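To start, the structure itself, in structure tokens.
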Amino acid sequence: MDTTQSVVEKSAIRKVAIRLVPFVAMMFFINYLDRTAISFAGPNGMNTDLALNAAQFGFASGVFFIGYILLEIPSNLALHKFGARRWLARIMVSWGIVSLLFTWVANVEQLYILRFILGVAEAGFFPGAILFLSLWVPARHRSKILALFYLAQPLTTVIGAPLAGLLIQQHGLFGLDGWRVMFLGVAIPAILIGIISWFYLADSPAKAKWLSAEEKTWLTGALKKEKKETTAGNKHVSVRTVFGNGRVWMLSLIYFGFIYGLYALGFFLPTIISGFEGIYGTKFDVFQKGLITAIPYLPAAIALYFWSKDATKRGVKTWHIAVPALVGGLSIPLALFAGSPAATIAVITITAMAIFAALPNFWTVPTQFLTGAAAAAGIALINTVGNLAGFSAGYITGWLKDWTGDYTVPMFVVGAFMLLSAVLMLVLSRSGRVTDSVRPEALNPAAAGQHAEP
């Protein structure tokens, strides 16, 4: 690569990282906060006001994913057809309006219905965002870009949990209970940012006014060349063959384990923290509970960044995904035997670090062998199976807690699913169905020699 091209490449990727990724990450931040707002509302008045037991709360948390699953793949194919700018904006405004209605939910039946419709409204956002960002940068830069995007998820809890606590403390504002104020406060940004995204986003580098002509030419050329070489080396690129692709289904099961752990913690951690008072005799107000809920996610964001940085440097390897799954699977049951609030949160922090370290690196794997509409369908299928875990984690955790009287069995189930992800990732790698080193050279032979092997 000559010096001029190197300068243009660095400048183009830097602009994408600065101008595009933070905005899409902010959309993801709002998305994750809206779907997990119920976890803050539940132990802070909603469960009492609506007379919910743990199983009902878990079902309300998880039924969101049924609606999401039904339209996941069609929504992502629509994004591919109509363009990300229009479709992501449509999704955001839709879910913002539905989120707003939670402010006035009156009973458990209405809660179930609204959570289901919220899933329908949000369908396709996350895989659409992953696909959108993947279409902006060549493979050798994708791990870095996706890691920057994924930082929004742990930071949602770092910032969102205390914010939710502050909103809940505004009890009586507009004549509403605190948890209803919180739903109001997290819904409005979705509508506003959705409208802004219509004008801010561009569907491709060629349409980005903030890129120079040289940067547009380099990005467009690199992406076209990569797509041509990837398609030429793989016959299984149609939408239809995605559903019969063993690699896609194996990756779906691996992702299931990670998401089961992610949402079991996301939905029930505030409830577990509220339970410290009965177990350890501690007392925290709503804002303090929000701060405690946020503790595991700041180290998780740091782990995500540095683990992904290492993956970018070395190339994403099997152990970048399997080792965090193993650590998470072993650590989460240990939280049950920690013996104090501080020790419990410390162990849960290790679990959160493991989950978030693996996720952005995991998402570099599907685009090794899928392009175009097949990539849209494949990513959506993997995310659909993961969202089955979102439903299962909420409902099964709540049901097992009601059945056994505590969180011991539910947390062992979480650990088992994450250990399964570690095993499946190793099996997938050893079978040769995913290369052990997912370096950019594997996708773009022309790039060989530009990045030295470790």
In segment 332-352, anything in a helix (DSSP H, G or I), over 20 Å from TYR305 (Cβ atoms), touching a residue at least 12 places away in the same chain (Cβ under 8 Å) and not β-branched (Val, Ile, Thr) is listed as PRO333, LEU334, ALA335, LEU336, PRO341
Apart from one, (1) touching a helix residue (DSSP H, G or I) at 6+ places or on another chain (Cβ under 9 Å); (2) without any contact (Cβ under 8 Å) to a residue 24 or more places away in the chain all hold for GLN169; the odd one out is (2)
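Condition first: part of a loop (DSSP other than H, G, I, E, B) and open to solvent by less than 40 Å² (accessible area, probe 1.4 Å). Now tell me which residues in segment 284-303 satisfy that.
PRO296
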* Does VAL434 fit the bill of being β-branched (Val, Ile, Thr) and at pLDDT 80 or above? -> no
By my count, helices (runs of 4 or more DSSP H) wholly in segment 1-74 with at least 2 residues that are closer than 18 Å to ALA123 by Cα and open to solvent by 10 Å² or more (accessible area, probe 1.4 Å) are 21-41
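Which is over 16 Å from PHE64 (Cα atoms), open to solvent by less than 10 Å² (accessible area, probe 1.4 Å), of a type outside the set (S, T, N, Q) and not in a loop (DSSP other than H, G, I, E, B), of LEU88, LEU118? Before you say what the answer is, go through the steps one by one.
Working: LEU118 fails: over 16 Å from PHE64 (Cα atoms).
Just one listed residue meets the conditions, LEU88.
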Given (1) at pLDDT 80 or above; (2) assigned to a helix (DSSP H, G or I), GLY390 misses just (1)
Among PRO138, PRO162, PRO189, PRO205, the single one that is under 15 Å from ARG19 (Cα atoms) and touching a residue at least 24 places away in the same chain (Cβ under 8 Å) is PRO205
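Only one of VAL316, VAL327 is β-branched (Val, Ile, Thr) and open to solvent by 10 Å² or more (accessible area, probe 1.4 Å). Can you tell me which?
Selected residue: VAL327, the only one of VAL316, VAL327 that is β-branched (Val, Ile, Thr) and open to solvent by 10 Å² or more (accessible area, probe 1.4 Å).
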Selection from segment 102-113 of residues surrounded by fewer than 22 Cβ atoms within 10 Å (Cβ to Cβ) and closer than 13 Å to ALA37 by Cα yields THR103
What about GLY281, is it more than 16 Å from ALA346 (Cα to Cα) and open to solvent by 40 Å² or more (accessible area, probe 1.4 Å)? yes
Expected single match for open to solvent by 30 Å² or more (accessible area, probe 1.4 Å), farther than 15 Å from VAL316 by Cβ, at pLDDT below 85 and touching a Leu at 6+ places or on another chain (Cβ under 8 Å) among ALA452, ALA377, ALA373 is ALA373
Only one of (1) modelled with pLDDT of 85 or more; (2) over 17 Å from ALA139 (Cβ atoms); (3) within 17 Å of the chain's Cα centre (by Cα) does not apply to VAL323, and that is (3)
- Qualifying residue in segment 217-231 (condition: hydroxyl-bearing (Ser, Thr, Tyr), modelled with pLDDT under 90, in contact with a helix residue (DSSP H, G or I) (Cβ under 7 Å, 6 or more places away or on another chain) and within 24 Å of LEU330 (Cβ to Cβ)): no
Note on segment 71-125: residues of a type in the set (S, T, N, Q) and more than 24 Å from ARG180 (Cα to Cα) are SER75, ASN76
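The values are calculated or read from the model by the stated rules, or taken from the named source; none is laboratory data. What you see is a predicted model; the values in this text were computed from it and never measured. Here the Cβ is made from the backbone with ideal geometry for all residues, glycine too, and neighbour counts use every protein chain on show. Only protein heavy atoms, including side chains, enter the accessible area calculation; ligands, DNA and RNA are left aside. Shrake-Rupley method; radii C 1.70, N 1.55, O 1.52, S 1.80 Å.
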